[in-house]
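Asker: Below: one structure in structure tokens.
The values are calculated or read from the model by the stated rules, or taken from the named source; none is laboratory data. Quantities reported herein were computed from a predicted structural model and do not represent experimental measurements. When we count neighbours, we look across all protein chains shown, and the Cβ atoms used for this are built from the backbone with ideal geometry, even at glycine. These area figures cover heavy atoms from the full protein model, side chains too; ligands, DNA and RNA do not enter into them. Shrake-Rupley method; radii C 1.70, N 1.55, O 1.52, S 1.80 Å.
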Amino acid sequence: MRYLLTLLLGVIVGGALVYFLFVGAPRTSRVPGEPVGPPPPGGPPPGTAVVELNEQFFNELLGTIFQELGQPSFRLGSAGSPGGAGGAGGASFVNVQEGGCPNQIVILPEGGGVQTGVRLDEGRVLAPLAFSGTYAAPFVGCQNLRGTAQASIALHFDQASQTLHGQLNVEAVNVEGLTPILAGPVTAFVQNVINQRVNPITLLRGEQIAIAVPVQATGGTLRAQAASVNSEVVDRRLRLYVTYDFTGAKDAPAPPQG
């Protein structure tokens, strides 16, 4: 019995060491700001602008990235290291697979019957992904990966920096042709790379949503900053409700000509 318990304990501890050594300890990529919620039941307050984006907009954007910039590549550094192909959270664009056996995921335009894109459905922003990559598996060697992932994007608004962020949350991974013993670690590896190397995604910066309108008749400028952002998905469209705080200020007088 003691031998059996020792053997079981060794298997558990060994499995944990393999996971933390080659996949990395779970980490939290905190997205700045507060989660974006739906508009209030009574409708958006005064001073709210509505921005509406459809699926075609997002997918045209992604198509341009694939065609003109290449395939985004996200590399996982050594365990506990924030480094990668572009540093912490960094990404590069590749046209061919690099040599060696880097722990990395390359996002593909399509694969496994899945087209990488954005779907606005079920009241959520969904992001099906196709990917390939390589994984240095312990005791087995380099594994070539190919599969698909289902993810969703949650929105966060940081009022201090006037920035709208997205957080990509991987919900399910399907890797083709893996032996059962590698299915768990490789799935965790794929989720770790995508979750930790993509987030946070900057969607809108302060200068893109700020307002500054000169009013020449009064000699001043009307300015507005976003106080809050709400969102909803309706009829395959993402609606952003940006509520502004408005201020006015007189322009500084020109210095006298001497």
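Asker: Would you mind telling me the share, in percent, of accessible area of region 110-188 contributed by carbon and sulfur at probe 1.4 angstrom?
Answerer: About 51 percent, which is the carbon plus sulfur part of the accessible surface.
Asker: Evaluate the relative contact order of region 101-223 (contact order divided by residue number), counting alpha-carbon pairs under 8 angstrom at least 6 apart; express in whole percent.
Answerer: Computed value for region 101-223: 18 percent relative contact order.
Asker: What is the calculated FRET efficiency for residue 174 to residue 210, with r their C-beta to C-beta distance and R₀ = 41 Å, to the nearest 0.05?
Answerer: My answer for the efficiency is 0.45.
Asker: I've got another one for you. Using the heavy atoms of the protein chains and a 1.4 angstrom probe, tell me the accessible area per residue for region 116-258 in square angstrom.
Answerer: For region 116-258, the solvent-accessible area averages 51 Å² per residue.
Asker: Per 0.36 nm of contour for each residue apart, how much would the distance between residue 34 and residue 67 grow if the chain were fully extended, relative to their Cα-Cα spacing?
Answerer: Length gained between residue 34 and residue 67: 8.5 nm.
Asker: Find out how many positive minus negative residues lie around residue 162, taking Lys and Arg as positive, Asp and Glu as negative, among other residues whose Cβ is under 9 Å from that of residue 162.
Answerer: Neighbour charge sum, excluding residue 162 itself: -1.
Asker: What's the FRET efficiency of residue 217 with residue 252 using the Cβ-Cβ distance as r and R₀ = 30 Å, to the nearest 0.05?
Answerer: 0.95
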